[in-house]
Amino acid sequence: MAEPVTNPEQVRAEQSQLLHVKASLDEIAAIYSTDLDRNQSTNFMVIGDLGSGKTSLSGTARLPMLVHSFDPGGTQVRQLRSLIRSRDNPTGQVIVDTRFEMEDAFAPFAYRLWESELQKLIQAGVFANMGTYMIDSLTTWSAACGYEFLKQKGKLASRDTSYGYFRIVLDTMVNEMVKLAALPCDVIVTAHIDYDKNEITGEKFAHPMVVGQSRVRIPIVFD
């Protein structure tokens, strides 16, 4: 029986296709390898009432830790005090940036300052050398975000509550949280707690104290 005639062009086409498939598989494997390296870190949100120990819990985080504090005096808790780097404690493993605490609703600056600072830190590769990055808290951070957008619209006094405004603020907050969740270190975001009540069943629901649908969309970003 005669051997089937093999078309050289067909052979080359099949070999080229196999090489393309292998290259695609190698690329996918590299992506998963990168994700596995990044996923060695974790990120989570801690919500609770004022004084419930949200910030104190961060004393168990991986060090060194950088804290961007939006809550006035929020990081002055006993569990962190001995770890915070200061003039008296130059080797402290917790660095707290409190510049965002003195936000003014009628002369906002904190969100724009934070946004600029975060970008500088990312570009400098700082987070690759951090154990943990923390925002304290999402509640005051989100308020600063809202004030900044109102300032840009020139409607601070009127407190514009149009749907378009809330949509822009919501999307911005969610996008920033997604960016934080991708950092190459652990990420902790604290939030004050708020409650809703089902008027029919009387059941209470707890959620982060933030505006609108962000109370639903932001938590799902975290592990």
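Couple of notes before you dig in:
- Within the stretch 63-70, not a single residue is at pLDDT below 80 and either out of contact with any strand residue (DSSP E or B) (no Cβ under 6 Å at 6 or more places or on another chain) or in the same structural domain as Glu176 (by TED's automatic domain parsing) (or both).
- Within the stretch 175-198, considering residues that are β-branched (Val, Ile, Thr) and farther than 14 Å from His68 by Cα, the one surrounded by the fewest Cβ atoms within 10 Å (Cβ to Cβ): Val178
- Within the stretch 123-152, the set of residues being touching a residue at least 40 places away in the same chain (Cβ under 8 Å) and hydrophobic (A, V, I, L, M, F, W, C) comprises Val126, Phe127, Ala128, Met130, Met134, Ile135, Leu138, Trp141, Ala143, Ala144, Leu150.
- Residue check for Glu117: in the same structural domain as Val178 (by TED's automatic domain parsing), touching a His at 6+ places or on another chain (Cβ under 9 Å) and either in a strand (DSSP E or B) or not basic (Lys, Arg) (or both): yes
- Qualifying residue in the stretch 139-151 (condition: at pLDDT below 85 and closer than 24 Å to Ala61 by Cβ): no
- Hey, Ile95 more than 16 Å from Val210 (Cβ to Cβ), β-branched (Val, Ile, Thr) and modelled with pLDDT of 90 or more or not: no
- Any hit, the stretch 204-215, residues being farther than 24 Å from Gly125 by Cα, of a type in the set (Val, Ile, Thr) and either modelled with pLDDT under 75 or in a helix (DSSP H, G or I) (or both): yes
The values are calculated or read from the model by the stated rules, or taken from the named source; none is laboratory data. It should be emphasised that the depicted structure is a prediction, and the values quoted were computed from it without experimental measurement. All Cβ positions, glycine included, derive from the backbone under ideal geometry; neighbour counts span all protein chains shown.
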